[in-house]
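Enquirer: Right, I'll just put the structure down here and ask away after.
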Amino acid sequence: MLPEAKRQNLLYVTLPYEHSVNIYTFPGGHLVGQITDDNYPNTVCSDKMGNVWISSEVSNYYAQFNEYTHGGTTPIATLDDKSGNPSACSVDPLTGNLAVANGCCDSNHVVDIYVGATGTPQVYNPKDLFEINAITYDSTGDLFISGNISVYLTGTDWFRYGGPGFRTFRVKRPRTYPHEGIFWDGRYLTEVAQPYLIHRYAIVDRKAKYVGSLAFNGLRAWAFAIEKANLAVADEDSAYNGVIYVFKYPAGGEPTHTINLPEDAARIAISVARP
């Protein structure tokens with residue numbers, strides 16, 4: 001890791017088959033560091049302090065989550081994920097709880113919540129999703145997950161702050177794409193609705209009110225992350241080498257930066273430098 005990395009906002013990109021996590025300046029896209037992993041790094045998320053959680057998949061039924069400081073390369077904490085095959089994670093800005101979606105492949109399709117990002121998780125079953133693709137906390141501690149409710153339909157479930165469990169949560173704008181992305185931008189819930197489109201929703205009276213869309217030119221959105229006026233999107237259509245595009249948010253349009261990768265990104269996260 002280059003010493004100057006700790007003073008800049010960073011984009012973390014997991015590359016499972018490269019056994020590494022590449023770290024770039026954000027939004028500039030300059031490679032400043034790398035974390036290597038003998039297993040398969042996959043899921044990644046950051047907290048409000050800039051610390052980053054990265055999953056290391058040991059087998060189909062067991063993974064570990066390692067925590068790193070912003071710009072650090074040595075884990076400062078480790079958690080066991082025995083539910084297997086984590087597909088996404090998010091950190092509650094209010095409590096510091098770490099939520100992990102285990103919704104891939106042969107896993108149990110559950111959400112593990114590590115209270116205070118420590119210890120043994122509390123395990124919750126989503127109401128109607130049989131495959132969980134993405135997860136995000138909003139600013140008030142509510143947790144949203146998205147995934148498949150049938151082969152061709154996608155859905156969203158909601159875990160209210162302090163609530164007993166997940167409830168079905170439907171957005172009013174139709175979505176046909178089996179999306180891999182859902183993210184709280186600080187004001188709105190955003191998600192990949194169609195291959196070239198991200199929808200934005202305001203949460204009003206326990207419902208999602210559509211407020212607009214963000215379109216990309218010639219891009220199939222995969223994982224994405226937002227930091228204020230910048231948006232990073234992983235392109236899922238690259239044949240051999242992955243690409244991440246950076247756009248102005250919420251304008252969209254043409255990318256302002258392009259980051260070429262040695263393979264397709266599994267997941268991405270933005271870690272904000274502390275003042």
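Enquirer: Could you please let me know if S90 is among the small types (G, A, S) and without any contact (Cβ under 8 Å) to a residue 24 or more places away in the chain?
Expert: No; evaluated as a whole, the condition is false for this residue.
Enquirer: State all residues of region 235-254 that are outside any strand (DSSP E or B) and open to solvent by 50 Å² or more (accessible area, probe 1.4 Å); if no residue qualifies, say none.
Expert: E236, D237, A239, Y240, N241, P250, A251, E254
Enquirer: Tally up the residues in region 33-54 that are touching a Ser or Thr at 6+ places or on another chain (Cβ under 6 Å) and without any contact (Cβ under 8 Å) to a residue 40 or more places away in the chain, please.
Expert: Qualifying residue count, region 33-54: 5.
Enquirer: Right, another one. State the number of residues belonging to region 1-57 that are in a loop (DSSP other than H, G, I, E, B) and of a type in the set (A, V, I, L, M, F, W, C). Don't jump to the end; show me each part of the working.
Expert: Keep residues of region 1-57 that are in a loop (DSSP other than H, G, I, E, B), which gives 1-2, 8-9, 19, 26-30, 37-39, 47-51.
This time we only want the ones that are of a type in the set (A, V, I, L, M, F, W, C), so: 1-2, 26, 49.
Here the count works out to 4.
Enquirer: Could you list, in sequence order, all residues of region 149-171 that are more than 16 Å from L189 (Cβ to Cβ) and β-branched (V, I, T)?
Expert: Those that are more than 16 Å from L189 (Cβ to Cβ) and β-branched (V, I, T): I149, V151.
Enquirer: Determine which single condition I198 fails, assuming it passes every other condition in (1) at pLDDT below 90; (2) open to solvent by less than 10 Å² (accessible area, probe 1.4 Å); (3) closer than 29 Å to G72 by Cβ; (4) touching a Gly at 6+ places or on another chain (Cβ under 8 Å).
Expert: (3)
Enquirer: In region 47-58, what count of residues is obtained for those that are surrounded by fewer than 20 Cβ atoms within 10 Å (Cβ to Cβ) and touching a Pro at 6+ places or on another chain (Cβ under 8 Å)?
Expert: 1
Enquirer: Ok, one more. Being open to solvent by 10 Å² or more (accessible area, probe 1.4 Å) and aromatic (F, W, Y) is the filter; apply it to region 153-182 and report the residue that is modelled with the lowest pLDDT.
Expert: Within region 153-182, the match that is modelled with the lowest pLDDT is Y177.
Enquirer: Scan region 220-234 and give yes if some residue there is more than 13 Å from the chain's Cα centre (by Cα), outside any loop (DSSP other than H, G, I, E, B) and closer than 13 Å to V13 by Cα, otherwise no.
Expert: no
Enquirer: So is G218 modelled with pLDDT under 90, of a type in the set (G, A, S) and open to solvent by 70 Å² or more (accessible area, probe 1.4 Å) or not?
Expert: For G218, the condition - modelled with pLDDT under 90, of a type in the set (G, A, S) and open to solvent by 70 Å² or more (accessible area, probe 1.4 Å) - is met.
Enquirer: Which pairs turn up if I take residues in region 240-255 that are more than 15 Å from R200 (Cα to Cα) and look for partners that are part of a strand (DSSP E or B) and open to solvent by 50 Å² or more (accessible area, probe 1.4 Å) with beta carbon separation below 7 Å, at least 6 apart in sequence or on another chain?
Expert: Listed pairs, sorted by first residue: N241/N260; V243/T258; V243/N260; Y245/T258; V246/H257; P255/Y245.
Enquirer: Is it the case, given these coordinates, that Y40 is over 20 Å from N85 (Cβ atoms) and crowded, with 18+ Cβ neighbours inside 10 Å?
Expert: no
The values are calculated or read from the model by the stated rules, or taken from the named source; none is laboratory data. All of these numbers come straight from a predicted model, not from anything done at the bench. We place every Cβ from the backbone using ideal geometry, glycine too, and count neighbours over all the protein chains shown. Areas reflect the complete protein model, heavy atoms only, side chains present, ligands, DNA and RNA absent. Shrake-Rupley method; radii C 1.70, N 1.55, O 1.52, S 1.80 Å.
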